[in-house]
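Each remark here refers to the structure printed beneath this line.
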Amino acid sequence: MKAAVYERYGPPEVVEIKEVPRPFPADDALLIKTYAASITSGDWRARTMIGPRGFGPIPRLAFGLFRPRRKVLGTEMAGRIEAVGKDLTTFAVGEDVIAFTGLEMGCHAEYITMPAKGKVVRKPQNLSFPQAAALSFAGTSALHFLRRKGDVKSGETVLIIGASGALGTMGVQIAKYFGAHVTGVCSTANLELVSSLGADRVVDYTQTDITSLDETFDVVFDTVGALPLGKIRQMLRPSGRGAVAAGSLLDNIKAPIWSLMGDQKFSAGVAAETVEDMRLLADMAEKGALKPVIDRVYSLDQITLAHAHVGSGHKAGNVVVEFAEV
C-alpha cells in the first residue's frame, strides 16, 4: 500500500510517498481503508520538531532523538472498514468510520488498523469524508479546553483567540452549542468566516489590540499560543478560566500553580482524547450543530504541498488529503 513516509525531521519535502506493507488486523481490531486524513498542527510539529516556546528539544524525547520513531504521520482519518478481527461484533465490514490515532499517528496511509475498543466511531452521514476526517483532533481539543477545563456554561462570555484556525473554528461552534456568548479573534480575511460559524462578535486583531479591550470574560481560550498566560489572566473575570493550547513551557508550569492561588483557573498543555468525546462530536455533527471547516483538500500525491500550506500559517480551518474516491 501507499503511505506518506518521513524518515528525518525537516521541511515538507522530507515527506515522500512510498510503498509499505499493508497491515493485518488482530482478532480484536479493524482494518480501515483510508478515504481522507487531515494534516494538523500536530503533524507539523512532529515533522519539524518545532515545539511551543521554551520546550526546545523536549519533543524529541517522545518522537525520536535523531529521527522519527514512527515514519507515518497523521492523527485522524475517515474511511471504510475493510476487515474485522474474528472476535468482533461491534463493527461490520463496509461501515464508514472515523478513527483517531493520536500520538500513535499512522493515518497518512491507504490502510490502518485500530483496536475496536479504541478511538473509533461511526461517521455521521451528513459529513463528507474530508469533513469527517477533520472532526477529532481539533474537536476533542476544543472540548477539553472549553468544556472539561473551561467549564463553559450557558450565558457566559467566551473569547477565542485564533478563531479561524482548525481549533478555533471548532471552539466557536462548541462554545455556541453550550450556550455561550462568543467573541472570536482573527485576521481581516476571516472575519466573515468566523461570524458565519455563530460568533456573536468578531474582532480583527490587525486593527485592535485585544489586550486593551475594555471588558473581561468568563473564559479566554487562546488556540494558537498568541498571548502569555499573564496577559490572559488580566482579561478574565474574578472567577474566570483561561485555557492555552500550544502554550509555552512557562505557561504549562504556571497554569496549575496559579489555579491553586485564587478563584481563576488555568489550563495548558496537551488535551485529553477520549472516544466519548468523539461520540459527542459525531452526535453534534449529525444534529447540524458542528461542521468542520475545510480550507483545502489535496490528493495524496500533493501531500508535500499540503504540509507546506499547513506550515504557512495562513490556512482557515483544516487541511485534508484524500486517498481514494468513494
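The values are calculated or read from the model by the stated rules, or taken from the named source; none is laboratory data. Small disclaimer: the values here were computed from a predicted structure and weren't measured. Virtual Cβ from ideal backbone geometry, glycine too; neighbours counted across all protein chains shown. For accessibility, only protein heavy atoms count, side chains too; no ligands or nucleic acids. Shrake-Rupley method; radii C 1.70, N 1.55, O 1.52, S 1.80 Å.
Tell me, what HN-Hα J-couplings in whole Hz come from the Karplus equation 6.51 cos²θ - 1.76 cosθ + 1.60 at θ = phi - 60° for each residue of segment 2-9, using x for Gly and Pro?
8, 8, 8, 10, 10, 10, 8, 7
Using the basic label-point model (7 angstrom from Cα toward the beta carbon), what is the Asp301 to Arg53 distance in nanometres?
Distance between the two pseudo-spin positions: 4.3 nm.
Quick one: compute the contact order of the chain, relative version, from alpha carbon pairs under 8 angstrom and 6+ residues apart, as a percent.
Working: 766 pairs, mean separation 65.8, N = 326.
Result for the chain is 20 percent.
Could you give the accessible area per residue of the chain, probe 1.4 Å, as a whole number in Å²? Spell out each step's value before the answer.
Working: 14270 Å² over 326 residues.
Per residue, the chain has 44 Å² of solvent-accessible surface.
Using 0.36 nm per residue, how much length does the chain from Ala226 to Glu82 gain when fully extended, once their Cα-Cα distance is taken away?
Numbers: separation 144, 0.36 × 144 = 51.84 nm, distance 4.23 nm.
Between Ala226 and Glu82, full extension yields an extra 47.6 nm.
Contact order normalised by length for segment 238-326, with contacts defined as Cα pairs under 8 Å and 6 or more residues apart; what percent is it? Intermediate results must be reported in sequence, preceding the final value.
On the way: 88 pairs, mean separation 19.4, N = 89.
Relative contact order comes out at 22 percent.
Can you list residues from other chains, or at least 5 along the same chain, whose modelled amide H is less than 5 Å from the amide H of Phe55?
The list, which skips near neighbours in sequence, is Leu249.
Given the -39500 (n - 2.57) contribution per DSSP H run of 4+ residues, what per-residue ellipticity at 222 nm results for the chain, rounded to the nearest 500 deg cm²/dmol?
Values: 10 runs with 83 residues, N = 326.
Computed ellipticity for the chain at 222 nm equals -7000 deg cm²/dmol.
What does the C-alpha gyration tensor say about the overall shape of segment 171-219? Classify as rounded when a/c is under 1.5, otherwise prolate if a/b is larger than b/c, or oblate. Write out the running numbers ahead of the final one.
Numbers: a/c = 2.86, a/b = 1.19, b/c = 2.41.
Note, shape of segment 171-219 comes out oblate.
Please return the longest range in the chain lying between exposed loop sites, taking GluC sites (Glu not before Pro), DSSP loop only, at most 13 other beta-carbon atoms within 10 Å, and leaving the sites out. All intermediate terms of the calculation are to be shown ahead of the outcome.
On the way: sites that count: Glu7, Glu215, Glu325.
With GluC sites (Glu not before Pro) excluded where exposed in loops, the chain gives 8-214 as its longest stretch.
Return the distance in nm (one decimal) between the two label points of a simple spin-label model at Met261 and Lys153, each offset 7 Å from Cα along Cα→Cβ.
So the label points at Met261 and Lys153 sit 2.5 nm apart.
State, to one decimal in nm, how far the label point of Asn126 lies from the label point of Val14, with both points 7 Å from Cα in the Cβ direction.
That separation, rounded to one decimal, is 4.1 nm.
Provide the net charge surrounding Asn190, with neighbours chosen by a C-beta distance below 11 Å and charges set as Lys +1, Arg +1, Asp -1, Glu -1. Spell out each step's value before the answer.
Values: positive: Lys315; negative: Glu192, Asp204, Asp295.
Its environment carries a net charge of -2.
Could you please state how large a percent of the accessible area of the chain is carbon and sulfur, counting protein chains only and using a 1.4 Å probe?
Details: 7590 of 14270 Å².
Of the solvent-accessible surface of the chain, carbon and sulfur hold 53 percent.
What's the local net charge at Pro52, with K and R +1, D and E -1, over the other residues with C-beta under 9 Å away?
On the way: positive: Arg45, Arg53; negative: Asp251.
Taking every Cβ under 9 Å from that of Pro52, the sum is +1.
How much length is gained on full extension from Arg69 to Thr206, taking 0.36 nm per residue of separation minus their Cα-Cα distance?
45.3 nm
Of Lys2, Lys315, which has the most accessible area with a 1.4 Å probe, and how do the rest follow in descending order? List each step's numbers first, then the result.
Working: Lys2 90, Lys315 40 Å².
Largest accessible area first, the residues go Lys2, Lys315.
Counting other Cβ atoms within 10 Å, which trypsin sites (Lys or Arg not before Pro) in segment 71-176 have at most 10 and lie in a DSSP loop?
Working: sites: Lys71, Arg80, Lys86, Lys117, Lys119, Arg122, Arg147, Arg148, Lys149, Lys153, Lys176; in loops: Lys71, Lys86, Lys117, Lys119, Lys153.
Qualifying residues, ordered by number: Lys86.
Let me have the relative contact order for segment 1-66, percent, based on Cα pairs under 8 Å that are six or more residues apart. Could the numbers behind the result be given before it?
Working: 50 pairs, mean separation 19.1, N = 66.
Result for segment 1-66 is 29 percent.
How about segment 3-63: which trypsin sites (Lys or Arg not before Pro) there are in a DSSP loop, with at most 15 other Cβ atoms within 10 Å of their Cβ?
Values: sites: Arg8, Lys18, Lys33, Arg45, Arg47, Arg53, Arg60; in loops: Arg8, Arg53.
Taking segment 3-63 and a limit of 15 other Cβ atoms within 10 Å, the loop trypsin sites (Lys or Arg not before Pro) found are Arg8, Arg53.
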